[in-house]
Structure formats: C-alpha cells, structure tokens
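For reference, the structure is listed below as structure tokens.
The values are calculated or read from the model by the stated rules, or taken from the named source; none is laboratory data. Just so it is clear, the model here is predicted, and its values are computed rather than measured. Ideal geometry is used to build each Cβ from the backbone, glycine not excepted, and the neighbour counts take in all protein chains shown. We work out accessible area using only protein heavy atoms, side chains counted, and drop any ligands, DNA or RNA first. Shrake-Rupley method; radii C 1.70, N 1.55, O 1.52, S 1.80 Å.
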Amino acid sequence: MNDSDITIPKGRGIYSLLLELKKDMCITVGALGEIKFPAGYYSYTGSARGGGGFGRIRRHLDVAAGRNPTRRWHIDYLLPHTIPKSMVLTHTDQDLECHISKTIGSHTETIHRFGSSDCSCIGHLHLEKDMDKLVRIVTNAHDIKGLFKNFIPFNIHV
C-alpha cells in the first residue's frame, strides 16, 4: 500500500497526523531556522475547518512523498523526512485545534514554536518515543464528548 491508497474522510475539523522520524536530523524550518529533531514519533495537530476540509491531509501526504515541493507551513519542512503512520480526525466546526494540541503537549515533549505562529500555543508538534503511547495520548486528546473521532492507521511501505 502507498499513501495514495489512503481514503481521507470528507468533512472539516481538527486533525493530528502521526509521523515517524527514523533518525536524528537537523532541518531548517522556514523562519524558525534550524531545529534538531530527535528520532521518534511525532504528532502534528492542525485545523481543517477551511474550504478544503480534511483534504489538507492529502496535501501533507503529497509533501511527505515528494509529490508536492511547496514549503508553505512549518510541517512542510519536516514531512519529507518522515513516514506518515496514522491520523486522528475530529469532525467539528469548533475551534479546538489549540485545546487538542495543548492536551497532547501535556503528555509529550513539545517542539517549541512549531506550527503555532498564528496562536499563543507553545507548539503544535509533539514528540514521543513510543508509538503506542502516542496513539493513546492523541486519541484521548481528540475524545471530546459529543464529537465524532476517527483513528485511521496507515500501512505505507517505503
């Protein structure tokens, strides 16, 4: 299976993309400059409440696979070095991106200023060394009473 076989649900809301970085790397991330990323599992939380909805995730997968060379957001600089592992989606019109990100960050290491240039959060990228633990943390953060949540594991071979 490759990432083009992944079905992205329709709709809008908040998403967390779970990624694997196999080795320590220093990556220049736009205006943030060079950041040292330790090997491990990352959760990037973003909003898909705009016009394209969850279609934004397909764009992220295209950047990760090298099919889209555009570097517009912080995550675009990290994605080509990672393996997308899964995503968690919450269908909502509510502005819950920062709430979910802060909840994830209270249980993981936050990459400071990453993905949070338009809010007051410490960061929207979080590191955890254990994938199963990260999945539990992220799915629990998205488990907001009364809202629909999807966990979609990827099976991408590289």
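A Gaussian network model of the chain, with springs between Cα atoms under 10 Å, assigns the largest mean-square fluctuation among Gly52, Gly146, Gly115 to Gly146. Using a Förster radius of 25 Å, what is the FRET efficiency between Asp95 and Phe151 based on their Cβ-Cβ separation? Nearest 0.05, please. Result of the calculation: an efficiency of 0.70.
Which of the residue pairs Lys85/Lys149; Lys23/Lys149; Lys22/Lys145 have a Cα-Cα distance greater than 28 Å in the structure shown? Don't skip to the answer; put the middle values down first.
On the way: Lys85/Lys149 17 Å; Lys23/Lys149 31 Å; Lys22/Lys145 35 Å.
The answer is Lys23/Lys149; Lys22/Lys145.
In angstrom, the C-alpha Rg and Dmax of the stretch 94-158 are 12.7, 37.
Relative contact order for the stretch 20-120: what percent, with Cα pairs under 8 Å and sequence separation of 6 or more?
Values: 92 pairs, mean separation 27.3, N = 101.
It rounds to 27 percent for the stretch 20-120.
For the chain, modelled as a GNM whose springs connect Cα atoms under 10 angstrom apart, the maximal fluctuation among Leu127, Leu21, Leu89 occurs at Leu21.
Take the Cα of Asp5, step 7 Å toward its Cβ, do the same at Ile122, and the gap between the two points is 3.9 nm.
Taking all protein chains together and rolling a 1.4 Å probe, Ile57 ends up with roughly 0 Å² accessible. Among Asp143, Asp118, Asp130, the residue with the largest mean-square fluctuation in a Gaussian network model of the chain, with springs joining Cα atoms closer than 10 Å, is Asp118. If R0 is taken as 22 Å, the Cβ-Cβ distance between Cys26 and Ala65 corresponds to a FRET efficiency of 0.50.
Residues Tyr44, Tyr77 ordered from highest to lowest accessible area at a 1.4 Å probe: Tyr77, Tyr44. Peptides 5-18, 29-42, ordered by how many other C-beta atoms sit within 10 Å of their residues on average, highest first, read 5-18, 29-42. Overall shape of the stretch 52-147 was characterised from the C-alpha gyration tensor. The equivalent ellipsoid obtained from it has semi-axes of 21, 16, 15 Å, in decreasing order.
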